[in-house]
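Here's the structure we're looking at; comments come further down.
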Amino acid sequence: MPVPSVLTDLDYLAGARTAPGDAGFLPRQFKFSPFDGSALPDIRSQNWLPPCASSQGNRICDEDAGRALAELVGRLTAHWRTTAVTMQGSAVRIDPPASNGLLYIASDAGGHRDALFALGRSGSLWIWQRHGQRWVPLRASKLPLARHRFDQWASAVVTLPAATGSGLVIANDAGADFVQIDPLRMQYSVDRCEGTALGTPGRLGDAALVPLHAGGRAQIAMHQQGRWNTLPVQGDVPAQMPLLAAPVVVANGHGLAWIGERGWLQVQENGESIDVRWHEWPSGTQARPMLGPPYRNGDGDWQLLQREDKSTVSVLLGASLPHENPLRRASTGTGASTFQLNVRVDRPWADYDPDDHPDASDNVIHPFLEIEQNGMLMYLRVPNERRTSLLSFYENRGRQQASYCIGWPASPNQTYILDAAEPWNAQWFMHDDALWLWIDDRGTLLRWSVR
């Protein structure tokens, strides 16, 4: 088939492999170079789905994605150390397709290898051509993608099998969309379950689930075996409420939880049936889902709540009897680690004396990704010069000096520094054997690679 000249990544389109020295492409089946007989490296493909490369929904990068990211970060830090360059000085700026409001997805959607897509808040969709160093817009074949309201901390995308590669399940203001890419025609098609998305998609088994408000009631849109179905939500879901956080797979692995300020939405597998239920928080409390997903230990998932008197408490989700622990102060977390300003604590309610850490109020820590394999953290650090509370930091809409760090507080291995408003609206991801960082307010897309 003729290929548009703007499409240069034939490895994605045809499943080919790049020849040594970028000397064109070779068939995927080739194991040895036809030029010198040397063994060709294994083809490595790594999809990256927000928020953490998998469908688990927390801020922990684990399994295959975690191993690949841990290896890449290790090579990058060794390269920076041996070449005496810094993360700040070695960043390569890539022109983004829009100035802000973007979410990045690495997926084999429509192809045979992973490609990088950018989804705009307006519903625009682009594909990156690394050999051409340009973004190519994709057009709707019929129904276009709609606007969405999800910041990075609430964003998630799910993939399901499609005719070629995977299809993307995306939530927006018009409902839940199953999107298939046709790169040769530079188009996409949408199969939509109509409504208004309350949260972004989660995956349970072979099904993608999206919470919607449609027909005057809340429901779950479920895409399974090529079609949409809906499940009613039990409980009184508020008609107007803030958006839910990205869903997390619950501790037993057989359910999903969407955390909201006024309550949480639970989807639970019960044998052959699925139970969908809305739970309100205890009277006089609310959650702050921007701070991170529930903390998990052997008991289950613990959610931080704020009381009307500004005190905080952690409650066990799904417990048959109320179970809670008082907290000394609010904290951010990844689901496995929690941080009270710039001090890591083992548990949200662990005994912690700020006098033992004289610098504990100097910086606010917002974790993006915890890499399970090497104990590395990718996080935001912002000076807390006025010694304000953690929640006051998130209420500040002015520009702040932000450090995007790799390592652990309070001694990161590497940092990238700039001023940004709402600096927590940022996204780390991995694609093409490189580490990328998108900072939404500044419209800054950065790339690091050892090649």
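With respect to (1) open to solvent by 10 Å² or more (accessible area, probe 1.4 Å); (2) of a type in the set (V, I, T); (3) within 25 Å of Q303 (Cβ to Cβ), the lone exception for T415 is condition (3).
Within the stretch 407-446, which strands (runs of 3 or more DSSP E) (wholly inside it) include 1 or more residues that are among the basic types (K, R) and closer than 15 Å to W80 by Cβ? Strands (runs of 3 or more DSSP E) meeting the threshold: none at all.
Checked against the criterion of being basic (K, R), in contact with a strand residue (DSSP E or B) (Cβ under 9 Å, 6 or more places away or on another chain) and not in a strand (DSSP E or B), the stretch 378-386 has no qualifying residue.
One line per residue, one yes/no per condition, for (1) small (G, A, S); (2) surrounded by fewer than 20 Cβ atoms within 10 Å (Cβ to Cβ); (3) more than 30 Å from L291 (Cα to Cα); (4) at pLDDT 95 or above:
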position: R147; (1), (2), (3), (4): no, yes, no, yes
position: T164; (1), (2), (3), (4): no, yes, yes, no
position: A171; (1), (2), (3), (4): yes, no, no, yes
position: I181; (1), (2), (3), (4): no, no, yes, yes
position: L184; (1), (2), (3), (4): no, yes, yes, no
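Within this structure, W448 passes the test of being of a type in the set (F, W, Y) and either under 15 Å from R93 (Cβ atoms) or surrounded by fewer than 21 Cβ atoms within 10 Å (Cβ to Cβ) (or both). Of the residues making up the stretch 186-202, those that are open to solvent by 20 Å² or more (accessible area, probe 1.4 Å), over 22 Å from P242 (Cα atoms) and assigned to a strand (DSSP E or B) are Q187, S189, V190, D191, R192. Is it fair to say D36 is surrounded by 11 or more Cβ atoms within 10 Å (Cβ to Cβ) and either over 28 Å from R134 (Cα atoms) or of a type in the set (G, A, S) (or both)? So D36 fails the test.
Is one or more of the residues making up the stretch 433-443 of a type outside the set (S, T, N, Q), within 21 Å of W128 (Cβ to Cβ) and open to solvent by 30 Å² or more (accessible area, probe 1.4 Å)? Among the residues of the stretch 433-443, at least one is of a type outside the set (S, T, N, Q), within 21 Å of W128 (Cβ to Cβ) and open to solvent by 30 Å² or more (accessible area, probe 1.4 Å), which makes the answer yes. Do the conditions hold for I94, that is, is it among the β-branched types (V, I, T), touching a residue at least 60 places away in the same chain (Cβ under 8 Å) and over 26 Å from G199 (Cβ atoms)? Yes; evaluated as a whole, the condition is true for this residue. For the stretch 212-227, residues that are within 13 Å of G195 (Cβ to Cβ), in a strand (DSSP E or B) and open to solvent by 40 Å² or more (accessible area, probe 1.4 Å) total 2. Can we say V233 is touching a residue at least 40 places away in the same chain (Cβ under 8 Å) and over 20 Å from the mean Cα position of the chain (by Cα)? It is true that V233 is touching a residue at least 40 places away in the same chain (Cβ under 8 Å) and over 20 Å from the mean Cα position of the chain (by Cα).
Being modelled with pLDDT of 85 or more, surrounded by fewer than 13 Cβ atoms within 10 Å (Cβ to Cβ), under 20 Å from L437 (Cβ atoms) and over 10 Å from the mean Cα position of the chain (by Cα) is a property that does not hold for R75.
Which one is nearest to V237 (Cα to Cα) among residues in the stretch 250-262 that are outside any strand (DSSP E or B) and touching a strand residue (DSSP E or B) at 6+ places or on another chain (Cβ under 6 Å)? Looking at residues that are outside any strand (DSSP E or B) and touching a strand residue (DSSP E or B) at 6+ places or on another chain (Cβ under 6 Å), I get E261. For the stretch 39-59, taking the residues that are open to solvent by 60 Å² or more (accessible area, probe 1.4 Å) and in contact with a strand residue (DSSP E or B) (Cβ under 7 Å, 6 or more places away or on another chain), the one that is modelled with the highest pLDDT is identified as A39. Within the stretch 261-276, being without any contact (Cβ under 8 Å) to a residue 60 or more places away in the chain and not β-branched (V, I, T) holds for E261, R262, G263, W264, Q266, Q268, N270, G271, E272, S273, D275. For the residues D9, D22, the requirement of being modelled with pLDDT of 90 or more and either closer than 21 Å to L168 by Cβ or open to solvent by 20 Å² or more (accessible area, probe 1.4 Å) (or both) singles out D9. Checking each residue in the stretch 111-145 for being surrounded by 20 or more Cβ atoms within 10 Å (Cβ to Cβ) and touching a helix residue (DSSP H, G or I) at 6+ places or on another chain (Cβ under 9 Å) picks out G111, R113, D114, A115, I127. Here the helices (runs of 4 or more DSSP H) wholly within the stretch 1-120 that include at least 1 residues being within 25 Å of G202 (Cα to Cα) are 63-83.
Taking the stretch 263-360 and the strands (runs of 3 or more DSSP E) fully enclosed by it, the elements with 1 or more residues that are open to solvent by 40 Å² or more (accessible area, probe 1.4 Å) are at 263-270, 273-280, 285-287, 295-297, 300-307, 324-327, 343-345.
The values are calculated or read from the model by the stated rules, or taken from the named source; none is laboratory data. In this text the structure is predicted, and so the values were computed from the model without any measurement. Cβ atoms come from the backbone with ideal geometry, glycine included; neighbour counts cover every protein chain shown. Quick note on the areas: whole protein, heavy atoms, side chains included, nothing else; ligands and nucleic acids left out. Shrake-Rupley method; radii C 1.70, N 1.55, O 1.52, S 1.80 Å.
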